[in-house]
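The values are calculated or read from the model by the stated rules, or taken from the named source; none is laboratory data. All figures in this text were calculated on a predicted structure; none of them were measured in a lab. A quick note on method: Cβ atoms are made from the backbone with ideal geometry, for glycine too, and the neighbour counts reach across all protein chains shown.
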Amino acid sequence: MVYSQVEIAEWQREYPVLKNVLNLKPVFWTNPNFKGINEASLPITRDDIEAAEELWQRFAPFIEKEFPDTHETHGVLESPLRPIPHMQARRLPAVEGSLYLKCDNELPIAGSIKARGGIYEVLQHAEKLALDAGILKKSDDYAVFSSERFKTFFNQYSIGVGSTGNLGLSIGIMSAKLGFDVSVYMSEDAKRWKKDLLREKGAHVLEYKGDFGKAIAAGREETNANPKGYFVDDEDSKHLFLGYSVAALRLEKQLQEQNIPVDAEHPLFFYLPCGVGGSPGGLTFGLKQIFGDHAHCFFVEPTHSPSVLIGLATGEMDHVSVQDFGIDNKTEADGMAVGRPSKFATPITDQLVSGIYTIDDDELYRLLSMLADSEDIWLEPSATSGITGPEHVLEYCRDQEIAMDQVTHVAWATGGALVPKNDMETFYEKGKQLN
Ligand SMILES: *Cc1c(COP(=O)(O)O)cnc(C)c1O
C-alpha cells in the first residue's frame, strides 16, 4: 500500500511531525504516549531478563571453548563503557553532563550489538532442541555443545534469517559453529564483505533483488516449509528482544564499578540506534526494569528510514512502512535500514521511549571521522548516530526540570569491529571531507 498525495496530506494534518519527516529533514519527536515504568503494561517482566542471563551463563563454557576472543571473559559477551571527553569537547562543547560510549562495536564474535540478540536466540533454540531430545540437562556442563555428537544432532536442523548484514553475521556464525544448516537471506545490495565472511564461516547466503523486506519474506517462507527449520524473525521476535535486554543488568555493574551515581538527581540518558526497533526496544525495556524512570531512552533513526518514528507517531505500529509514505529506505547506515518496525517491540517501545530523533547520512560520516580522530574509536556509520543525542534533549530536560549538568549521557555504539580496513578507510575519508 502506498498512500496517495491526498492521504499523505491528511496524515500530515493529523500528525504535524510528519511534514519534516516526509521531507527527509532531521526531526526530534517526544512521545505523547510515554508511560512511567509502573504504569506501563508489558508482556514480559524482569524475571524474563534474569532467566535470559542464566541461559547466557549456562552457555559460557561452550562459548569460551569455541571462541578464543572470549577467553579473557570466560565466555561472557560484554563490552566496555568508556567516557569520550575529547569527542564531547569537540562535537558537543555546549552540552552539560558527561558523555559515555557503550562500546558494543567491541563485542566478541559478531562485532556488533547483534552478538546480544542474535546469538541469544540461536542458543535458546539449540538448548530447547537438546532438552526436548533428552540429550541435555540444564545442570550439564554446556561445553558438551562442542562435541561431535551434538554437532551431528544439530546438523539435521536448519536455521534461517533475513538480514541487512549484522544480524545475519551473528546468527550465521553461531549457528554454523553449533552444527546447524544455516541460511541467511539478504538484499542484493547488502555489504559484500558481510556475505563473504558468512560463506567463509559455513553459512548459505541467498541474495534478493529490491528491498530487504522481500528477503525476509522469502526466508520466512522457505525456512518454515521445512518441519525442522527455525526462522529468526527480526520483525517479530521475543527472543532477540530478551537477548538485548540482558545488557541492562551488566551495565548496572559497570556503572557501580565506575562510581557513576544513578538516582533522580543523576539520571541516565540513553541514545539508541534503531532499525526494526528490536535492539533499542530490548535495551529500553531492560534499562527501565533496572533503573526505573531514572533511565530516559531515546531512539535515533536515519532520515531515510524513520520506521519506528512513523509507526509510533501515527499509532499504526507495524502496519505501516516508510515506503507507504514515499520514503525510499536508502541509507548507508545498513544496521538501521529497515522500513517496517517490529511487531513485538513496537507496542512496548510505545510506552517506554521518551523520544526519537532522525539523522542524515552525512552527519554519520562526520561523527565517524571525528570520533576516530578524537578518541581513536572506530565505528560503522550506524553506530555513531547516538553521539549527537545530548544536543536534542535540552528542551526535554527543561520540561522535566532535570539539571543537565548532572546527567550521564550514554551513546550506544552498536557496531564496527568486523568492518574491513579498506571499507573503514573509505568511511573515514568521506567523513574527513565533510568535516
Ligand atoms: C541492528 C543494528 C541496529 C539496530 O537494531 P534493530 O534491532 O534493527 O533496531 C543499529 N546499529 C547496528 C550497527 C545494527 O547492526
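Structural remarks
- Restricting the first member to the stretch 395-415 and to residues that are under 26 Å from residue 382 (Cβ atoms), and the second to residues that are outside any helix (DSSP H, G or I) and of a type in the set (Lys, Arg), the beta-carbon pairs closer than 8 Å and six or more apart or on different chains are 410/102; 411/102; 412/102; 413/102.
- Taking helices (runs of 4 or more DSSP H) as the structural unit, those lying wholly within the stretch 75-160 and holding at least 3 residues that are closer than 30 Å to residue 364 by Cα and under 27 Å from the mean Cα position of the chain (by Cα) correspond to 85-91, 114-132.
- Test: residue 196 is more than 13 Å from the ligand (Cβ to nearest atom) and over 21 Å from the mean Cα position of the chain (by Cα): yes
- For residue 156: the one exception among (1) farther than 15 Å from residue 234 by Cβ; (2) within 12 Å of the ligand (Cβ to nearest atom): (2)
- Flag for residue 374 being in contact with a Lys or Arg (Cβ under 7 Å, 6 or more places away or on another chain) and within 26 Å of residue 255 (Cβ to Cβ): yes
- Qualifying residues in the stretch 106-141 (those that are touching a Lys or Arg at 6+ places or on another chain (Cβ under 8 Å) and either assigned by TED's automatic domain parsing to the domain that holds residue 49 or in contact (Cβ under 8 Å) with a residue 24 or more places away in the chain (or both)) - the one surrounded by the most Cβ atoms within 10 Å (Cβ to Cβ): 107
- Out of 168, 210, 243, one residue alone is more than 13 Å from the ligand (Cβ to nearest atom) and outside any strand (DSSP E or B). It is 210.
- Any hit, the stretch 287-296, residues being closer than 18 Å to residue 27 by Cβ and within 16 Å of the ligand (Cβ to nearest atom): no
- Single condition residue 432 does not satisfy, out of (1) within 12 Å of the ligand (Cβ to nearest atom); (2) touching a residue at least 40 places away in the same chain (Cβ under 8 Å): (1)
- Selected residue [touching a residue at least 12 places away in the same chain (Cβ under 8 Å) and over 21 Å from residue 244 (Cβ atoms)] from 387, 377, 356: 377
- Per the listing 184, 144, the residue uniquely at pLDDT 95 or above, surrounded by fewer than 21 Cβ atoms within 10 Å (Cβ to Cβ) and among the β-branched types (Val, Ile, Thr) is 144.
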